[in-house]
Every structure is written in C-alpha cells, then in structure tokens.
1. Find how much the distance from Glu364 to Arg286 grows on full extension, using 0.36 nm per residue of separation minus their present alpha carbon separation; answer in nm with one decimal.
2. Could you pull out the trypsin sites (Lys or Arg not before Pro) across region 301-353 that fall in loop regions by DSSP (anything but H, G, I, E, B) with no more than 11 other Cβ atoms inside 10 Å?
3. What GluC sites (Glu not before Pro) in region 204-279 are in a loop by DSSP, with at most 11 other Cβ atoms within 10 Å of the Cβ?
4. What distance in nm separates the two pseudo spin-label positions at Thr202 and Glu138, each 7 Å out from Cα along the beta-carbon direction?
5. Give, in nm to one decimal, the length gained when the segment between Asp349 and Leu162 is fully stretched (0.36 nm per residue of separation minus the Cα-Cα distance).
6. Considering only Cα-Cα distances, which of the following residue pairs are longer than 31 Å: Lys136/Lys173; Lys148/Lys373; Lys145/Lys206; Lys206/Lys373; Lys173/Lys219; Lys23/Lys322?
7. Can you pull a Stokes-Einstein diffusion coefficient for region 156-201 at 20 °C (1.002 mPa s), Rh from Kirkwood over Cα pairs, as a whole number of µm²/s?
8. Quick query: amide H of Asn333 versus all other amide H atoms, modeled in the peptide plane; which residues come in under 5 Å with a sequence gap of 5 or more or a different chain?
Amino acid sequence: MKNNITKLLMGTISEEELVALRKWLDNPENQSILETYVKGYHDLNLSLLKDNVEEAYGKTIRQIDRAERPVRKLFPDWAKYAAAAVLIFGLGFMYQQGVFSTKKSHILIPNDDVVTLVTENGSVQTIDVQTSEIVKDENGNVIGKQEKNQINYSVGNEVKELTYNTLNVPKGKTFQITLSDGTVVHMNAGSSLRYPVNFLPTQLRKVFLDGEAYFDVTKDKSRPFVVSVDDLDVKVLGTEFNVSSYSEDTNIEVVLVEGAVGLNKISESPEEGVELVPGQRGAYRRNSENIHIDSVNTDLFTSWMQGHLVFRELTFDQILTKLGRHYNIELENRNSELGQEVFNASFNDATIEEVMSFFNDTHEIDYEISDNKVIIK
C-alpha cells in the first residue's frame, strides 16, 4: 500500500488504487502507518507548504469541490501529515484533470551527451548505451563486456599489468561498472571514475571518484578497497556505501549502508581517521579539519539509483544544481534571495517541467523557459 501512498502524494494514483487506499484507511492502525510514512519519507514536499495544515486541508476540499469529484472525505482531519497529503493529492489530481493553466507550455529538450571511456594512453571511446559489445584496450586486448549502460571487467579480462580506465558519465545519465574483483559501482549523473582495468593481487584496490557513486565492494581481507575523493580516502574491506564528491559541492559525503568504512584525510595517518557504522553519514567540508558524523535514513541518499530525486535541507540554489545534473538542462536563478532559502522536496520519475510546475504552483516560485533554459525570476 506504500506504493499507492506515494502515487497519491505525486498525483499519479488511479481511481481503482484510490478506492483501495480509502478502504485501507478505514483501519485506524493504517492511518498511523500513513502518518509515519509521510513524515519519514515525504515531509519533504509537505513541510514546505506556507499555509498551516488546517488551512491547507480546507483549501484542498474547496478545490476538490470545485472539480465536483466525490473525494472530499478521503481523509478526516485527524492527522496533520495526512491533511497535508490531501493537498498534494488535490494539486496532482487537478493536474491530471487539466484544471491548472498551461502558461508554462514551452518544452525543454535535455542535452544528450554520451558516456565516454578513456584508456591508459588517453584514447577516448564512445559508449553507446543502446548496444552491447566487447570492450578492448588500445592494444586489442579484451578488458570487459559492455551491455547497454553497464560494463563488466570481471569476465574476459586479458590485462595483466596495472593500467587504468576512466569512465565519464554525463549529466542526465547513470551507469554501472563491475570491476575486475566483482565490486559493483553505480555511477550517478555528471560523475567520473578512474580505476584499474585489473586489480593486482599484491596491491590495494584503489579507485578515484569525481561525482557520486554507490559501491558494493567484494570482500577481500588481504586487499582493502579505497575510494579516493580529493584529499579524503574511504577505506573498506567489503561493504556497501554511497560517496558524493562533486567539485561544485562544499562537502564530501559518505553514507554507510552496510559493513564498515574508515575515513581519512590523505595528509593524516589511519589512526587519526574516523570509522562509520551502518546508518551513519560522514561529511567532510573541503580544506577543513574535522569530519562530521550523524545518523541518517540511508534510503534518502541512495534513491537516485531508482531515478528518484530527494532533497533534504538544501538551499534552492543547491536543488537547482542537482536538477541540472539529473536532467542535463541549464537553470539560471535570477532571484538571489530565493536561492538561499532552504527547502525539502521529493519527486518520483517526474519530468523537469513537472518539477518546476510543482514549485510554481505550491510555492509561487515563478519561472520561464527561454532558449531551452529554465530562468527563475
């Protein structure tokens, strides 16, 4: 039923799913489940409403009345999060019915940049994510197999020396690499990873990341795995974690899902580093002294692998930066005061037009689309 709740919040729920959800909510225990779920995962959008919840609820009912749809009793006003959820539903439902005007009718065409693979000698190969083929180095040696948006180096690898490849994933795309030891790396948009074509048996397994990636590391006690990001090393034996280290972001963030990782500034000894346990985030402000550790909901930091956008306590300018990466489109904010306001939001498989319409209609953030660029006024 959580899937139906999400569809309700995003305004994509069908009539049949809505009926099932209403019946499910007849049970008071299920009402508590809804409140907890919305608070934990979707206070995001809901916490941004400028009206208080009671006013928001009344506003929703009036909107639904005007649309003459018999859903005014979908939720009683017994829970503030459920009431706010109704407002989101009311907005989404009216989008489906075409109630809102379409003054922002210009269509954005995202840039369609290609994934590239740079070999040891600097030659650049274009990766066609619609095809599958054997990947070879500049000497004709088989180094792996590509299947659409994945490359696997753990099969058919003929390279015996320490040589490096660099995979560049453009904005608007994601990609997956299986390294020679079986470690799986999910790369987010606008990211680059430099890694050995074949790890040597007597050396550390070390890779270099610029951007964001989720690592599922194959265990090997004799060869620790190290992710190097700027002046920070993330060292593990075998675990699952997310690293975000975009050069334009202030912080490097490591979120541990499973296992254990150690974080060390390159200039420090291992004894001076810190260790994370599952459910923790280590945040390092570039060129600072300390690594800050806190507990987080790891799902919020890994949802990008399912194509979801989740923004927590970010300024509007930071959100625009992430939207630009995700959709590979250009956004310009001409409202400096708005750029520093802090927002929470989440979107599930939404277009950039839907995202901007959400901000416009729920937060009165005005924008226009000109020359294939979003301009915030």
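The values are calculated or read from the model by the stated rules, or taken from the named source; none is laboratory data. These numbers were taken from a predicted model, which means no experiment stands behind them. Virtual Cβ from ideal backbone geometry, glycine too; neighbours counted across all protein chains shown. All accessible areas refer to the heavy atoms of the entire protein, side chains included, with ligands and DNA or RNA removed. Shrake-Rupley method; radii C 1.70, N 1.55, O 1.52, S 1.80 Å.
1. Length difference between fully extended and current span is 24.6 nm.
2. Counting only loop positions with at most 11 other Cβ atoms within 10 Å, the trypsin sites (Lys or Arg not before Pro) in region 301-353 are Arg334.
3. Glu248
4. 2.7
5. Working it through step by step, the gained length comes to 63.3 nm.
6. From the list (Lys136/Lys173; Lys148/Lys373; Lys145/Lys206; Lys206/Lys373; Lys173/Lys219; Lys23/Lys322), the Cα-Cα distance tops 31 Å for Lys206/Lys373; Lys23/Lys322.
7. D, rounded to a whole number, is 188 µm²/s.
8. The answer is Ile376.
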